[in-house]
Amino acid sequence: MRRLLLLALLCAACKDDRAAPDSTPTSVVENHGPEPLLLRVPRGGGTGRVYRYPHLDSTVFTLDEAPAIERVLAFDADAGSIAVVDSKGFPARLDLRETDVLKAAKTKLTSLSSVNGNDIYGINGKGEIIRLNPSGSDWKFKPAVAARNVFAQPNGDVIVSANKGAQTLVWRVHPPDDIAEDSAVLPLAGRAVRTQLGDRIYFPIDSGLVGVKGKDLSSLGAVQLPSRVRALTPTPSGDRLYVATMADSVISIVDRYNGRVESGLTLPQPPLDLRMDGLGRYLLARFPQHDSAWVIAIGTNKLLGAVPTRWESDLPAITPDGRVALLGAKDVILVDPQKLEAKSTVAGGAKDFWYFFAWDGFRPRAQGLDQPVTFPSDSLPTDSLAASSTPQNAGAGNLPPTTADTTRVAPVPGTSGAPAAAGGFVVSFAALLSEEKAQQVASAIKVNGAPAHVAFTNTAGSPIYRVVMGPFATREEADRVGRASRREYWIYEGSP
C-alpha cells in the first residue's frame, strides 16, 4: 500500500515535466516547417507569382521576366532557387531570394538533370557530361562513348548511359573526379528512370526491364513484361514500380524487393503515360485517345474513375491537400479524387505553368534575427571597455565615437530618400547583399505614392541592404502599409 502511495506521489510530482497534451492548438504546430506553395508562370513567359496554397487569391512573391517553362528540374531550399528548363531547352534558375532569373548555360544541352536545384547536369554536342554550378565550379566528364542519358544522384554521384551497338553502357562517376568508379553493360535499353532515393535505376528493354543499384551498378535482374515498355514511374519510397506497356491495358506493379510483377491494374485501354503523386497517394494515367486521365488510388490499387483534362508537363497534378488539379481549356479545376467532384475552379489558371513545392523562405523572420548580438556590460573590465571605445586621436573637437555596426540610408534614385525619425516600427521587404538589386526591389514598391528605400547595415564586416518603409508610430500602421504593398513583409521595432 505504501509503495502504491509513493508511486502516486512521484507521478504527481512529474506531472509538470510531461510533454504538451494532444490538445495543443494546431496553429502553433503549423508555424514550423515548410509551407505548401504554388508557383505560376505564364506559359509564354512573363511575371511569375507564388501563392500560399490553397490561398490563391493573393500572391506572396512576384518574379519579373520569368521564362516560358517546359519543366522543373529541382528546387534548392537552401538557396531558394528553382532549376527549370525553358521552352527552348535551356536550363535556368529562378532565384526566389534575389528575385532574379539566371541563365545556367549559353549553349543547349540535352538530358538535363538535377537532384538539388544547385548542380545541373546535361550532355553537350560532343556527348560529354557538363555540370553547371552557380559558383562557377563547372565540371566535365567525357565517357568512352558519346553519352545519351545522365542522372544526378542524391549522394552526389552521376549515372551516365550510352548506347553502343546492341548494348547500353552505364558508368557511375563522382564529381569532381573524371574517372568512372563503376560500370555495367546491359542489353540495348531506352530512357531509364531512377527512384526518388536514387538507390535503383530501371532501364526498359525489349519486353521487359533491367535494373541496377545506384551505389555500385550491380545488377537487379530482369523483369519480363507482356510487351515493350511505354511508361514507368516508381512510388516516392521506391517500394513499387508501375509499368505501362505498348499493347497491354494492364499496369504491371513490380515489387522492388523480389523484382517480380506482384499484381496488376486493368484499365479500359493501354495508357499513354503515367504520373505519380509526389506523396504517393494517387497515380494518374493518360487516356490514349482524347483529353482525359484515369485516377488510381495507390493504397488500394483501385481505379477511381476518369476525369477530363489536357496533359502537359505540369498538369494534371495532385495538390498538397490531395486534390486533382485538372487542366481545362481556360481554367484549372480542383477535383476530389475519391468522389471526382469539382471543389473549386481557378479562372484563367490554364494559361499558367504550375509548380507545387514546400518552403519556409517566405515566412516573416523573427525580430531577433535582424538585431546585432550584444553582450553584458560587465563581460570586460571597465578599463578595457574605455580603451576599446575611445579613439586614440580623440580630441575636444572630434565627433563622438560610433559602434562598428552603423546604419545609413541609401535613397532610391529620383527620391529624397530621407529616413523617418528613429524608433517606431519598420516594414522590411527584403535583405540583400547587392545594393543594385536592393534598389531595383525598392523602386518597384510604392504605397499611397510613397516609395520604399534602402537601408545599409554593416554587420560583422558584411554589407546588408534592406528594402524598408518607415519607421511608423504604431505596429498597426506598419502592418497596414505592409499589406497595402501586396508583397511579403515583416515588421520589426527600431530604426531602419
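Numbers below:
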{"read-out": "From the options Ala347, Ala358, residue that is under 26 Å from Leu63 (Cα atoms) and touching a strand residue (DSSP E or B) at 6+ places or on another chain (Cβ under 7 Å)", "value": "Ala358"}
{"read-out": "Criterion violated by Val150 - all others in (1) open to solvent by 20 Å² or more (accessible area, probe 1.4 Å); (2) within 24 Å of Ile120 (Cβ to Cβ) satisfied", "value": "(1)"}
{"read-out": "Cβ-Cβ under 6 Å pairs, at least 6 apart or on other chains, region 425-440 side modelled with pLDDT of 85 or more, far side open to solvent by less than 50 Å² (accessible area, probe 1.4 Å) and among the small types (Gly, Ala, Ser)", "value": "Phe425/Ala478; Val426/Gly470; Val427/Gly470; Val427/Ala478; Val427/Gly482"}
{"read-out": "Single match in Ile159, Ile205 (criterion: open to solvent by less than 70 Å² (accessible area, probe 1.4 Å) and within 28 Å of the chain's Cα centre (by Cα))", "value": "Ile159"}
{"read-out": "Leading residue by the ranking (farthest from Pro154 (Cα to Cα)) among those in region 74-116 that are of a type in the set (Gly, Ala, Ser) and touching a residue at least 40 places away in the same chain (Cβ under 8 Å)", "value": "Ser87"}
{"read-out": "Unmet requirement for Val223, which otherwise passes all of (1) open to solvent by less than 50 Å² (accessible area, probe 1.4 Å); (2) under 29 Å from the mean Cα position of the chain (by Cα)", "value": "(2)"}
{"read-out": "For Asp239: the one exception among (1) open to solvent by less than 60 Å² (accessible area, probe 1.4 Å); (2) at pLDDT below 90; (3) closer than 30 Å to Trp171 by Cα", "value": "(2)"}
{"read-out": "Ser249 among the polar types (S, T, N, Q), more than 24 Å from Val335 (Cα to Cα) and over 29 Å from the mean Cα position of the chain (by Cα)", "value": "yes"}
{"read-out": "Region 79-125 - residue that is of a type in the set (Ser, Thr, Tyr) and over 19 Å from Arg148 (Cβ atoms) and, of those, most open to solvent (accessible area, probe 1.4 Å)", "value": "Ser87"}
{"read-out": "Qualifying residue in region 57-76 (condition: of a type in the set (A, V, I, L, M), at pLDDT 95 or above and in a loop (DSSP other than H, G, I, E, B))", "value": "yes"}
{"read-out": "Breaking point among (1) closer than 26 Å to Trp139 by Cβ; (2) open to solvent by 20 Å² or more (accessible area, probe 1.4 Å); (3) touching a strand residue (DSSP E or B) at 6+ places or on another chain (Cβ under 7 Å), for Gly259", "value": "(1)"}
{"read-out": "Qualifying residue in region 464-486 (condition: in a strand (DSSP E or B), over 16 Å from Gly424 (Cα atoms), at pLDDT below 85 and open to solvent by less than 60 Å² (accessible area, probe 1.4 Å))", "value": "yes"}
{"read-out": "Pair list, Cβ under 6 Å, 6 or more apart: region 280-305 residue closer than 14 Å to Leu340 by Cα and touching a residue at least 60 places away in the same chain (Cβ under 8 Å), other residue open to solvent by less than 20 Å² (accessible area, probe 1.4 Å) and basic (Lys, Arg)", "value": "none"}
{"read-out": "Any hit, region 189-199, residues being open to solvent by 50 Å² or more (accessible area, probe 1.4 Å), in contact with a Lys or Arg (Cβ under 8 Å, 6 or more places away or on another chain) and assigned to a loop (DSSP other than H, G, I, E, B)", "value": "no"}
{"read-out": "Strands (runs of 3 or more DSSP E) fully within region 312-412 counting 3 or more residues that are at pLDDT below 60 and surrounded by 10 or more Cβ atoms within 10 Å (Cβ to Cβ)", "value": "407-410"}
{"read-out": "Some residue of region 61-81 being within 22 Å of Phe141 (Cα to Cα) and in contact with an Asp or Glu (Cβ under 8 Å, 6 or more places away or on another chain)", "value": "no"}
{"read-out": "Pick from region 44-56, criterion under 12 Å from Phe357 (Cα atoms) and part of a strand (DSSP E or B), ranking: least open to solvent (accessible area, probe 1.4 Å)", "value": "Val50"}
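The values are calculated or read from the model by the stated rules, or taken from the named source; none is laboratory data. A quick note: this is a predicted structure, and the numbers were derived from the prediction, not measured. Every residue, glycine among them, receives a Cβ derived from its backbone with ideal geometry; neighbour counts consider all protein chains shown. We work out accessible area using only protein heavy atoms, side chains counted, and drop any ligands, DNA or RNA first. Shrake-Rupley method; radii C 1.70, N 1.55, O 1.52, S 1.80 Å.
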